[in-house]
Amino acid sequence: MNGLVMSFKYFSKFQLSSYVSNSIFYVLFAGFFFYQTAIGLNFSPPFLGGFFGLVSVLVFPFLLLSFYYSKGREYREYSAIDIIFFVIIILSAVTSLLNFVLSNPRGFESELFAWSISGVLFNLICYMLAKSVTLTSQKFIGLMVVTLLIMGAIVFINIGKRGIFYLQLGHSNSDSVASYQGFGRSLFVVALYTIVLVKIKTIKVILFVFSIPVLFLNGARTEFILFLATFTVLLLKRSKYSNLLTISFTMILILLLVNIDTIISMLPQSRMVRVFDVFSSASGQSRLQMLSYAWSTIQDNPVFGSYGSYVKFEGFGAGIGSYAHNLLSAWVNLGIIGFALYISAIGISIYHASRVFLSRRRGTEESSILLVFVAAVLIALLFSKDYSYMLFGFMVGFTSRYISAHRIRNAPLPSLGLSIKNTAYRRPD
């Protein structure tokens, strides 16, 4: 009887934890999209500010409790990637706080401190969500399918004069409306989560085809490229003809690059057309300047970096957004130790994702979502995003979750000395 009561208490805590984590995941990504749409279409005032920052602070205590009682917490063992992640979080928080106290960089210390701490908070939230959000509840995944379709419909209905979904443009209070990057982040995360985990292959294909024009018309080039790249990886993994497909994709890519000028001249004028010729655009040129300046900063300060030094570089205007849009930004702000920690975490994730990719076994939810998030974050940190990119937290969390699931499902049964892989559990790749 006591065992039954204990099981019921555990079940209740676990169920409640799942509901809380799922709700927070939904609110932060789908909720952000709907809230910003309501503001952009003048259906609502910005009563929650920009939404993501304020709501993240409000939900953090609840997510912390949910994380503690989640199934992921049951494993009780942290792998190397978890330890590295928490060291990164501590290093980022301490570095930003110390520089804020020292008023460095002067004139931007408050703004840069808020930016840095936001990155720490968002990464922590994404890490805990990855460890605790459900991967198997078909009710929640069904809700996400409907949500993705509604989000896509909103994009199609509200195409602006520039040929993209850009509610900020022309709005009477444009500062209160998110940019296409914010909308793109929500669309990308919702699409990635939903398409990977939905069980019915026909629906999976429909959602994938549906999401391509949605992300294209949203106007966020990075998320559009990441979406195509990550699902190309998943397609190659699941195909019996992966070697042939890899060769075919490579040949098609070479043909596209060789004939890029002809292709661009045939397309209608839109900012998204420049996704095929990014380095000749103003944005591409600025990023090359930022990269060059970051590298020169590292050469001058190879050990400790130079926290926030880029904010006053005159080559592309002063501001906290002038960081290198790749992982070198970690070296600039956190020094060689911070950069090495990021490389270590990414290396561990790539190792496990590679095992999943090369395996011919049927994948699990943990292995599939690990594969796409590692691919997405790796490409993002190489070519577009800074070290505080919140999806890094997702990548680490899903990697840790995969490692834990692999350990638990293959552990020997205490009383019989048998391997769980011989039971109803499916072994991850």
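The values are calculated or read from the model by the stated rules, or taken from the named source; none is laboratory data. Just so it is clear, the structure is predicted and the values come from calculations on it, not from any experiment. Because the Cβ atoms are built from the backbone with ideal geometry, glycine has one as well, and the counts that use them run over all protein chains shown.
List of remarks:
- Selected residue (criterion: nearest to residue 63 (Cα to Cα)) from residues of segment 134-154 that are touching a Ser or Thr at 6+ places or on another chain (Cβ under 9 Å), β-branched (Val, Ile, Thr) and modelled with pLDDT of 90 or more: 141
- Of everything listed in (1) in the same structural domain as residue 370 (by TED's automatic domain parsing); (2) under 30 Å from residue 234 (Cβ atoms); (3) in contact with a Lys or Arg (Cβ under 8 Å, 6 or more places away or on another chain), the single unmet condition for residue 198 is (1).
- Qualifying residue in segment 166-176 (condition: assigned by TED's automatic domain parsing to the domain that holds residue 33, closer than 23 Å to residue 390 by Cβ and outside any loop (DSSP other than H, G, I, E, B)): yes
- Scope segment 214-245; condition at pLDDT below 70 and under 18 Å from residue 193 (Cβ atoms); matching residues: 237, 238
- Among the residues here, residue 341 does not qualify as touching a residue at least 12 places away in the same chain (Cβ under 8 Å), in contact with a His (Cβ under 8 Å, 6 or more places away or on another chain) and either outside the structural domain of residue 89 (by TED's automatic domain parsing) or aliphatic (A, V, I, L, M) (or both).
- Test: residue in segment 352-373 that is in a helix (DSSP H, G or I), over 27 Å from residue 134 (Cα atoms), assigned by TED's automatic domain parsing to the domain that holds residue 90 and modelled with pLDDT under 95: no
- Residues that are touching a Ser or Thr at 6+ places or on another chain (Cβ under 8 Å) and either at pLDDT below 85 or aliphatic (A, V, I, L, M) (or both), drawn from segment 301-316: 311, 313, 316
- Test: residue in segment 160-179 that is within 21 Å of residue 32 (Cα to Cα), touching a Pro at 6+ places or on another chain (Cβ under 9 Å) and among the hydrophobic types (A, V, I, L, M, F, W, C): yes
- Single residue of segment 382-427 satisfying the filter (modelled with pLDDT under 65 and of a type in the set (S, T, N, Q)) that is surrounded by the fewest Cβ atoms within 10 Å (Cβ to Cβ): 415
- Taking first residues from segment 41-62 that are within 19 Å of residue 16 (Cα to Cα) and partners that are at pLDDT below 95 and among the aromatic types (Phe, Trp, Tyr), no Cβ contact under 6 Å between residues at least 6 apart in sequence or on separate chains turns up.
- Taking segment 347-383 as the range and being among the hydroxyl-bearing types (Ser, Thr, Tyr) and in contact with a Leu (Cβ under 8 Å, 6 or more places away or on another chain) as the test, the residues that pass are 349, 368.
To keep it simple, each residue is scored yes or no on (1) without any contact (Cβ under 8 Å) to a residue 12 or more places away in the chain; (2) assigned to a loop (DSSP other than H, G, I, E, B); (3) among the acidic types (Asp, Glu); (4) crowded, with 19+ Cβ neighbours inside 10 Å.
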{"residue": "93", "(1), (2), (3), (4)": "no, no, no, no"}
{"residue": "98", "(1), (2), (3), (4)": "yes, no, no, no"}
{"residue": "106", "(1), (2), (3), (4)": "yes, yes, no, no"}
{"residue": "122", "(1), (2), (3), (4)": "no, no, no, yes"}
{"residue": "128", "(1), (2), (3), (4)": "no, no, no, yes"}
{"residue": "136", "(1), (2), (3), (4)": "no, yes, no, no"}
{"residue": "156", "(1), (2), (3), (4)": "no, no, no, no"}
{"residue": "159", "(1), (2), (3), (4)": "no, yes, no, no"}
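- Leading residue by the ranking (nearest to residue 168 (Cα to Cα)) among those in segment 39-52 that are surrounded by 14 or more Cβ atoms within 10 Å (Cβ to Cβ) and of a type outside the set (Val, Ile, Thr): 40
- With respect to the conditions (1) modelled with pLDDT of 90 or more; (2) on the phi > 0 side of the Ramachandran plot, residue 319 lacks only one, and its number is (1).
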